[in-house]
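K.L.:
Please see the structure below; I have some questions.
The values are calculated or read from the model by the stated rules, or taken from the named source; none is laboratory data. Given the structure is predicted, the values throughout are model-derived calculations rather than measurements. Note that we place each Cβ from the backbone using ideal geometry, even for glycine, and neighbour counts take in every protein chain shown.
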Amino acid sequence: MAVKVFKPNTPGQRGMTSQDFDEITTKKPVKSLVSIRKGAVGRNNQGRITTRHRGGGVRRYYRHINFNLPVGTTATVEEIEYDPNRSARIARLKDQSGTYHYIIAAQGLKKGDTVTSDAEASIATANRLPLKNIPTGSTIYAIELQPGRGAQLVRSAGNGAQLLAKEGEYAQVKLPSGEVRKVHINCSAHIGNVGNVQHQNVKIGKAGRNRRKGIRPTVRGVVMNAVDHPHGGGDGGRHRMGKAPRTPWGQKTLGFKTRSRKSSNAFIVKSRHQAKRRG
């Protein structure tokens, strides 16, 4: 996949880049594997905004991805498709019983390839098998955190984790963030990297393109009034804020630790923060 550069025929196209979608083989999804997304983006089940700056955007159909491909499945890749709900490409599979599945497409996966989900599957791109049967040093993606629950880690475009070691009932996996984490050896993962590696090199170019993606504008706190934000007010920028950065609700941010769920700390061998400091 290459990055497409536009001629600056309009101010909005200056510096804008896009994907050329050369790996996409069809535009029509499988009807039985799509559903309409509800429009309450960024809100919880009570209708309250929990994630700001989300809303609007073009209408999308949600593709139901099978993050837990059944053991014993041998399927053929029928199409590589675009998914508007995620950065990765998805692969349409047809298994031995004629059932269709969507999975996250690995880098290099092509139409006509075979994907197998089994404990004795070969170490080939996109095959899914337990960590205990994957050789140490392999690159993996779509990793389970609990056996049988389905993939939860390493699912976005261009990402891949490395299987570092196995000790007892746990394997050590190095995630894209640099974190080294223990994962049970009975958890499954796909072999390879997630495709669409050029996703991170795409430049949005203009605000209207973000609006079509459902991303609303973000207003800085320092340009607000003091009644609206802790950073607001002042004398037109002649004097700096002079206090620690805070959220609109007054909680410290930018380095202030807010993690309250400590139960999973026992499985973290090296945090992503340690990896960054040593790097």
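K.L.:
So how many residues does segment 216-260 have that are hydrophobic (A, V, I, L, M, F, W, C), in contact with a strand residue (DSSP E or B) (Cβ under 7 Å, 6 or more places away or on another chain) and surrounded by 13 or more Cβ atoms within 10 Å (Cβ to Cβ)?
P.N.:
Count: 0.
K.L.:
From (1) loosely packed, with under 14 Cβ neighbours inside 10 Å; (2) among the aliphatic types (A, V, I, L, M); (3) modelled with pLDDT of 95 or more; (4) in contact with a Lys or Arg (Cβ under 6 Å, 6 or more places away or on another chain), pick out the condition that doesn't hold for ILE123.
P.N.:
(4)
K.L.:
Out of the strands (runs of 3 or more DSSP E) lying entirely within segment 17-80, which hold 1 or more residues that are in contact (Cβ under 8 Å) with a residue 60 or more places away in the chain and touching a strand residue (DSSP E or B) at 6+ places or on another chain (Cβ under 6 Å)? Even if it seems obvious, please write down each step before you answer.
P.N.:
Values: elements: 17-19, 34-36, 61-63.
By residue number, 17-19.
K.L.:
Kindly provide the set of residues from segment 13-48 that are closer than 21 Å to HIS64 by Cα, out of contact with any His (no Cβ under 8 Å at 6 or more places or on another chain) and small (Gly, Ala, Ser), ordered by number.
P.N.:
SER32, GLY39, ALA40
K.L.:
Looking at LEU109, LEU93, can you tell me which residue is closer than 28 Å to VAL30 by Cβ, hydrophobic (A, V, I, L, M, F, W, C) and outside any strand (DSSP E or B)? Full working, then the answer.
P.N.:
Values: LEU93 fails: outside any strand (DSSP E or B).
Going through LEU109, LEU93 in turn, the sole match is LEU109.
K.L.:
Within segment 127-155, track down each residue that is of a type in the set (Gly, Ala, Ser) and either more than 16 Å from the chain's Cα centre (by Cα) or loosely packed, with under 14 Cβ neighbours inside 10 Å (or both).
P.N.:
The answer is GLY137, SER138, GLY148.
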